[in-house]
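Beneath this line is the structure, given in structure tokens, with notes to follow.
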Amino acid sequence: MRSTETRKVCVKLLGYIAEMLGFRNRELNIGKGLRVRELLKGVNVDEKRIIVLINGKPANMDSILRGGEYVVIMPVVGGG
Amino acid sequence: MKGWTGRFLRVNLSEQSTSVQEYEPSLARAFLGGRGFAIKILWDELRAGTAPLSPENILVFMAGPLTGLPVPSSGKLVVAAKSPLTSGYGDGNLGSRAAVMLRRAGYDGIIIKGASDKPVYLYIENEKVEFLNADDLWGMSTFDTEKKLSETHGKDVGILCIGPAGENLVLYANVHSQEGRAGGRPGMGAVMGSKKLKAIVIRGTREIETANPEELKRLGEEGYEEIKKKPNYDFWRRQGTMATVEWSQENSVLPTFNFREGEFENADKIGGYAMEKIKVLQRGCPYCNMICGNVVEDAEGKRVELDYENVAMLGSDIGLGDLKKISVLNRLADEYGIDTISVGNAIGFAMEASEKKLLKEKIEWGDFDAAKTLLEDIVFKRNDIGRLLANGVKYAAEKLGNNSKDWAMQVKGLEISAYDCHFAPAMALSFGTSPIGAHHKDAWVIAWEVQVGRESYTREKVAKVIELQRIRGGVFECLTACRLPWIELGFELDWYPKFLKAATGMEFTFDELYRIADRIYTLIRAFWIREFRGRWGREMDIPPARWFKEPLTKGRYKGKTLDLEKYNQMLSWYYEMRGWDERGVPTKKALKDLGLENIITELEKIITLK
Ligand code: SF4
């Protein structure tokens, strides 16, 4: 259990999501914890076509960040 | 028939004769168009064992029921033949005004047999077909050829052509259009070259008759609007497929040093943001509002269109981290009419062979000058190493020996496109079972796999590969329309049966479309088996040993490899789901279920069916 009140996560955004939120890499304060979805509040993304990885493992919009994680949020785009 | 023109143009180059075939409507219902028509014709008309570069090979260009209609990204066609690179079925699609013109000229396809003894090109204007002298075009780059031909015939024509690589019978020469649109990776350009056919110029001035033109127009307009509203539309227009460099790097699937690694230290120098800094123009295929052709200025001050596959294979995979130099290699490949993915593989293979002292030439990783020289050695087959690599890495590995086949990155003889699969079993299966050899166009499952988890080898993954093969390799390759609105922007699949209904007047359910796709896959498989006879076996569906034996040495997935036993388990599930036996051969029951019972007798001459 962590006692600190200002927990941080490293967030990496790819593709259009980075453009919408205005950054590609950032360390963010998440207070006591945060759902991934809240990171994307207010921006127009297609939830079905978003990939979320937390510490390299598949996660989703409802996953909860508790501090210390490396989160990557990327669109299902490709050289498809 | 509506939607389809119902006609093929048949051309015999040996006799310089042509005829028009009105085909049966049942063909359209069973095979839809594009790839479906191509394999049906090749199965029915190509004698088994035909030498791919002989006049007897058949080269087909096929459009589908949506080609050239005012619906999203419909300006595509399929080119197919027996492949000189793989000796199996080969095809590819490309976006070109020629696709639209072909249909406006009143044809769904062109079937070309025989060979000319002198260079020729075809000029098609509706009913009129001419064989014109191409002596002065022979030897010209694809860019110059098109320029010359549009000076002669006007700007309002569609042109398909080959470059020197096709003329010189490089086995992965492809067919080109509009400075950078290319298709037919498994040597369709060499087949065209072997027929001494330099180009096809098409002018079509007719309406393509459809069942409900007003409805089609309305749906098309709605569709284009819908695409524009997708959240990543603007960003797609900025970077197109180039955004994938960063994506692949992040996921450790960016091919690096001949697929040894999945991360490249200079990835940020060759990605979408780097491209935006040197971009000068944007263009695309007909009837497309996503126009993903990003044109940049290269290190020699010339213009070239970049996309992900090209940049990864001519960049990270050969250890080159300078985008302007990669652009030079990309442009040369386009001008010479050689496939960028295969030539990138060939150069990477040579660099590794040089490092391992299997070649006397010194070709170091990332050496741009050496890569450029090598590319031209290959195109012009001007020395031993050029001749060796012009036949593909499978052939080169057979000649070099020393287990180099383990790192000759190909399946069925076709070089692998730009996704490293050390830690992506479903994507590896997709490359393994792609019906033309390793290519991403059929089941590009990597994004989905990253989403559900990379570690596992499950039935669910196999089912997903098949689902994607049905949609991408089946439906889109037959329509023929570009799959990118769907896969890149999320333009819903439900649009397509609606477009089809308005175009043809016929209802197609997804069940029916997928059955058509399965029929096509099974017939393509039968074609391979017929060509390979006793040499066919499940090892044909297994990617190279590197991914199984040599772990990644860097990055976040350091130490990962594929597991051969588990891969084989997935392959068995794949066969089972397709109704194929343990050898990967369709069973009698599967053939009957798909309405292919008429090929049983012929297949049984070669192999006992279960
Ligand atoms: S999305 Fe790109 S490849 Fe597809 S039709 Fe449009 S321009 Fe061509």
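The values are calculated or read from the model by the stated rules, or taken from the named source; none is laboratory data. Keep in mind that this is a model prediction, so the values were computed, not measured. Ideal geometry is used to build each Cβ from the backbone, glycine not excepted, and the neighbour counts take in all protein chains shown.
Do we find a residue being basic (Lys, Arg) and not in a helix (DSSP H, G or I) anywhere in the stretch B:399-406? Within the stretch B:399-406, none of the residues are basic (Lys, Arg) and not in a helix (DSSP H, G or I). Scanning the stretch B:451-469 for residues that are within 11 Å of chain A (Cβ to nearest Cβ) and under 27 Å from B:ARG35 (Cα atoms) yields a single hit, B:LEU468. Within the stretch B:274-293, residues that are free of Cβ contacts under 8 Å to residues at least 24 places away in the same chain have Cβ atoms under 8 Å from residues that are away from the ligand (no atom under 15 Å from the Cβ) in these pairs: B:LYS279/B:VAL296; B:VAL280/B:VAL296; B:VAL280/B:GLU297; B:VAL280/B:ARG303; B:LEU281/B:ARG303, counting only partners at least 6 apart in sequence or on another chain.
If the condition is being crowded, with 24+ Cβ neighbours inside 10 Å and hydroxyl-bearing (Ser, Thr, Tyr), then the stretch B:378-433 contributes B:SER417, B:TYR419, B:SER430, B:THR433. Figure legend. Inter-residue proximity from the stretch B:184-198: first residues closer than 18 Å to B:ALA38 by Cα, second residues part of a helix (DSSP H, G or I) and of a type in the set (S, T, N, Q), beta-carbon distance below 7 Å, spacing 6+ or different chains. Indicated pairs: B:ARG185/B:SER342.
Note on the stretch B:561-585: residues that are in contact (Cβ under 8 Å) with a residue 60 or more places away in the chain and in contact with a helix residue (DSSP H, G or I) (Cβ under 8 Å, 6 or more places away or on another chain) amount to 12.
If only residues of the stretch A:9-25 that are loosely packed, with under 15 Cβ neighbours inside 10 Å and within 17 Å of A:GLY56 (Cα to Cα) are counted, the one that is farthest from the other protein chains (Cβ to nearest Cβ) is A:CYS10. For the stretch B:289-320, the candidate set comprises residues that are farther than 21 Å from B:ARG237 by Cα and surrounded by fewer than 19 Cβ atoms within 10 Å (Cβ to Cβ); within that set, the residue that is nearest to the ligand (Cβ to nearest atom) is B:LYS302.
Of the conditions (1) within 13 Å of chain B (Cβ to nearest Cβ); (2) in contact (Cβ under 8 Å) with a residue 12 or more places away in the chain, A:GLY31 clears all except one; give me its number. The failed condition is (1). Per the conditions (1) more than 22 Å from B:ILE208 (Cβ to Cβ); (2) touching a strand residue (DSSP E or B) at 6+ places or on another chain (Cβ under 9 Å), the sole criterion not satisfied by B:ALA98 is (1). Of the numbered criteria (1) under 14 Å from A:LEU14 (Cβ atoms); (2) at the interface with another protein chain (Cβ under 10 Å from one of its Cβ atoms), the one A:PRO58 fails is (1). For B:GLY204, the conditions (1) within 30 Å of A:VAL11 (Cβ to Cβ); (2) touching a strand residue (DSSP E or B) at 6+ places or on another chain (Cβ under 8 Å); (3) more than 10 Å from chain A (Cβ to nearest Cβ) are fulfilled apart from (1). Filtering the stretch B:67-90 to residues that are among the polar types (S, T, N, Q), away from the ligand (no atom under 16 Å from the Cβ) and surrounded by 24 or more Cβ atoms within 10 Å (Cβ to Cβ) leaves B:SER83, B:THR86.
Taking the listed residues B:ARG29, B:ARG103, B:ARG35, the one that is part of a helix (DSSP H, G or I), charged (D, E, K, R) and touching an Asp or Glu at 6+ places or on another chain (Cβ under 6 Å) is B:ARG35, with no other qualifying.
The rows are residues; the columns are (1) outside the structural domain of B:CYS482 (by TED's automatic domain parsing); (2) under 17 Å from B:LYS412 (Cα atoms).
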residue: B:PRO497; (1), (2): yes, no
residue: B:PHE527; (1), (2): no, yes
residue: B:TRP536; (1), (2): no, yes
residue: B:LYS554; (1), (2): no, no
residue: B:LYS558; (1), (2): no, no
residue: B:LEU562; (1), (2): no, no
residue: B:LYS566; (1), (2): no, no
residue: B:GLN569; (1), (2): no, no
residue: B:TRP573; (1), (2): no, no
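Inspect the stretch B:125-141 for any residue being crowded, with 24+ Cβ neighbours inside 10 Å and not in a loop (DSSP other than H, G, I, E, B) and give the result as yes or no. Taking every residue of the stretch B:125-141 in turn, none turns out to be crowded, with 24+ Cβ neighbours inside 10 Å and not in a loop (DSSP other than H, G, I, E, B). Looking only at residues that are more than 10 Å from chain A (Cβ to nearest Cβ) and in a loop (DSSP other than H, G, I, E, B) in the stretch B:430-444, which one is nearest to B:GLU582 (Cα to Cα)? In this case the residue turns out to be B:SER434. Residues considered: B:PRO72, B:PRO65, B:PRO52. Of these, the only one that is over 30 Å from B:GLU222 (Cβ atoms), modelled with pLDDT of 95 or more and under 23 Å from the mean Cα position of the chain (by Cα) is B:PRO52. Count of the stretch B:478-505 residues, restricted to those that are surrounded by 21 or more Cβ atoms within 10 Å (Cβ to Cβ), within 14 Å of chain A (Cβ to nearest Cβ) and either away from the ligand (no atom under 16 Å from the Cβ) or among the charged types (D, E, K, R) (or both), is 2.
How many of the residues in the stretch B:259-288 are in a loop (DSSP other than H, G, I, E, B) and either more than 16 Å from the ligand (Cβ to nearest atom) or at negative phi (or both)? The qualifying residues number 13. For B:ARG535, indicate whether it is surrounded by fewer than 23 Cβ atoms within 10 Å (Cβ to Cβ), at pLDDT 95 or above, more than 16 Å from the ligand (Cβ to nearest atom) and among the basic types (Lys, Arg). No. Of everything in the stretch B:207-242, what is within 14 Å of chain A (Cβ to nearest Cβ) and free of Cβ contacts under 8 Å to residues at least 12 places away in the same chain? Give them in sequence order. Of everything in the stretch B:207-242, those that are within 14 Å of chain A (Cβ to nearest Cβ) and free of Cβ contacts under 8 Å to residues at least 12 places away in the same chain turn out to be B:LYS229, B:PRO231, B:ASP234, B:PHE235. Looking at A:VAL52, A:VAL71, A:VAL45, which one is of a type outside the set (D, E, K, R), surrounded by 14 or more Cβ atoms within 10 Å (Cβ to Cβ), within 14 Å of chain B (Cβ to nearest Cβ) and closer than 16 Å to B:PRO231 by Cα? Criteria check complete, one pass: A:VAL45.
From the list B:VAL253, B:VAL311, B:VAL245, the lone residue that is part of a loop (DSSP other than H, G, I, E, B), of a type in the set (A, V, I, L, M, F, W, C) and within 14 Å of another protein chain (Cβ to nearest Cβ) is B:VAL253.
Among the residues making up the stretch B:289-308, those that are part of a strand (DSSP E or B) and under 23 Å from B:GLY490 (Cα atoms) are B:GLY293, B:ASN294, B:LEU306. Taking the criterion of being surrounded by fewer than 15 Cβ atoms within 10 Å (Cβ to Cβ) and of a type in the set (A, V, I, L, M), the residues of the stretch B:271-288 that qualify are B:VAL280, B:LEU281.
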